[in-house]
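These notes concern the structure reproduced below.
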Amino acid sequence: MKIAILLFDGITALDAIGPYDVFAATLKCEVKFVAKKKGVIKLDSNMGYLHADYSFSEVTSADILVVPGCSPPNYKAPMNDEETLQWIRRIHETTKWTTSVCNGSLILSAAGLLHGAVATTHWGSFELLQSLGTIPTEERVVRQGKIVTAAGVSSGIDMALQLVAWELGEDMSKGVQLILEYDPQPPFDSGSPKKAPALLVEEIRGMLQEFAKREPQV
């Protein structure tokens, strides 16, 4: 399978690397990191980089497209860049699966691919997703036709494992999960707004909303 993972400045590394590691572990996928321009891509942490080996003009089709997310407000740049949105639309026409991780669904929405659809995103972006004409849901992985959206950051691993199961069989997906030793046992059960303390949820929500008001600095 040919996988295209979109990169843009200010991306969250795990949104891209989580699915990448799952697909790569199958030894049956050709994964390409693609950006508007080839070269280093700044992470939202400002502490490292990913590398885009291909430009938009070099990748014109894919079996699976992955649109990762980022820390707010970095999604504003790709959401308002017509060249990026056009590339997503063109690749979508060729895909078997078009997917997003975290608030990458905002970018899919900006490209016009999620209007009226049910989709998920990071819990902190539900209101913005809804404002774009998409129906947000708290499910971790959501399939609407050939579009699959995953919730925040780590859920991209779950989504990729599900795609591997659909395409290459459950045994392959289980084997990849074992290879990666993906057996989450977090020290705290606070990974969603339903589980985290209410005061912490409001604190993080306020912080994310404040960040969302800014312009990208990467």
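The values are calculated or read from the model by the stated rules, or taken from the named source; none is laboratory data. Please read these numbers as outputs of a predicted model, since none were measured by experiment. Cβ coordinates were reconstructed from backbone atoms using ideal geometry, including for glycine residues, and neighbour counts include every protein chain displayed. When the accessible area is computed, the model is the full protein with side chains, heavy atoms only, and any ligands, DNA or RNA have been set aside. Shrake-Rupley method; radii C 1.70, N 1.55, O 1.52, S 1.80 Å.
Check segment 28-45 and report whether any residue there is of a type in the set (Phe, Trp, Tyr), surrounded by fewer than 24 Cβ atoms within 10 Å (Cβ to Cβ) and on the phi < 0 side of the Ramachandran plot. Checked against the condition, which is being of a type in the set (Phe, Trp, Tyr), surrounded by fewer than 24 Cβ atoms within 10 Å (Cβ to Cβ) and on the phi < 0 side of the Ramachandran plot, segment 28-45 yields at least one hit.
Restricted to segment 86-125, and to residues there that are open to solvent by 10 Å² or more (accessible area, probe 1.4 Å) and β-branched (Val, Ile, Thr), the residue that is nearest to residue 74 (Cα to Cα) is 118. Note on segment 149-170: residues that are open to solvent by 40 Å² or more (accessible area, probe 1.4 Å) and part of a helix (DSSP H, G or I) total 6. Among what's in segment 171-184 and is within 19 Å of residue 140 (Cα to Cα) and part of a helix (DSSP H, G or I), pick the residue that is most open to solvent (accessible area, probe 1.4 Å). Ranking the candidates gives 174 first. Taking first residues from segment 201-218 that are among the β-branched types (Val, Ile, Thr) and partners that are open to solvent by 80 Å² or more (accessible area, probe 1.4 Å), the Cβ contacts under 8 Å between residues at least 6 apart in sequence or on separate chains come to 218/42; 218/46. With respect to being open to solvent by 30 Å² or more (accessible area, probe 1.4 Å) and in contact with a Ser or Thr (Cβ under 9 Å, 6 or more places away or on another chain), residue 57 falls outside the description. Exactly one residue among 201, 218 is modelled with pLDDT under 95 and either part of a helix (DSSP H, G or I) or under 22 Å from residue 79 (Cβ atoms) (or both), and that residue is 218.
Remark: pairs (first residue in segment 1-20, within 20 Å of residue 79 (Cα to Cα) and open to solvent by 10 Å² or more (accessible area, probe 1.4 Å); second residue at pLDDT below 95 and not in a strand (DSSP E or B); Cβ separation under 8 Å; 6+ apart in sequence or on different chains) = 9/216; 9/218; 13/45; 13/48.
The residue pairs whose first member lies in segment 89-117 and is more than 16 Å from residue 130 (Cβ to Cβ) and in a loop (DSSP other than H, G, I, E, B), whose second member is open to solvent by 30 Å² or more (accessible area, probe 1.4 Å) and among the polar types (S, T, N, Q), and whose beta carbons are closer than 7 Å, counting only pairs six or more residues apart or on different chains, are 94/61. Based on what the data block shows, is residue 66 open to solvent by less than 20 Å² (accessible area, probe 1.4 Å) and closer than 16 Å to residue 7 by Cβ? When the stated conditions are applied, residue 66 passes them. Candidates are the residues of segment 187-217 that are open to solvent by 90 Å² or more (accessible area, probe 1.4 Å), more than 21 Å from the chain's Cα centre (by Cα) and not basic (Lys, Arg); the one that is nearest to residue 158 (Cα to Cα) is 189. Remark: residue 77 falls outside the filter, which requires a residue to be open to solvent by less than 40 Å² (accessible area, probe 1.4 Å) and small (Gly, Ala, Ser).
Of everything in segment 126-148 that is part of a loop (DSSP other than H, G, I, E, B) and of a type outside the set (Gly, Ala, Ser), the residue that is least open to solvent (accessible area, probe 1.4 Å) is 134.
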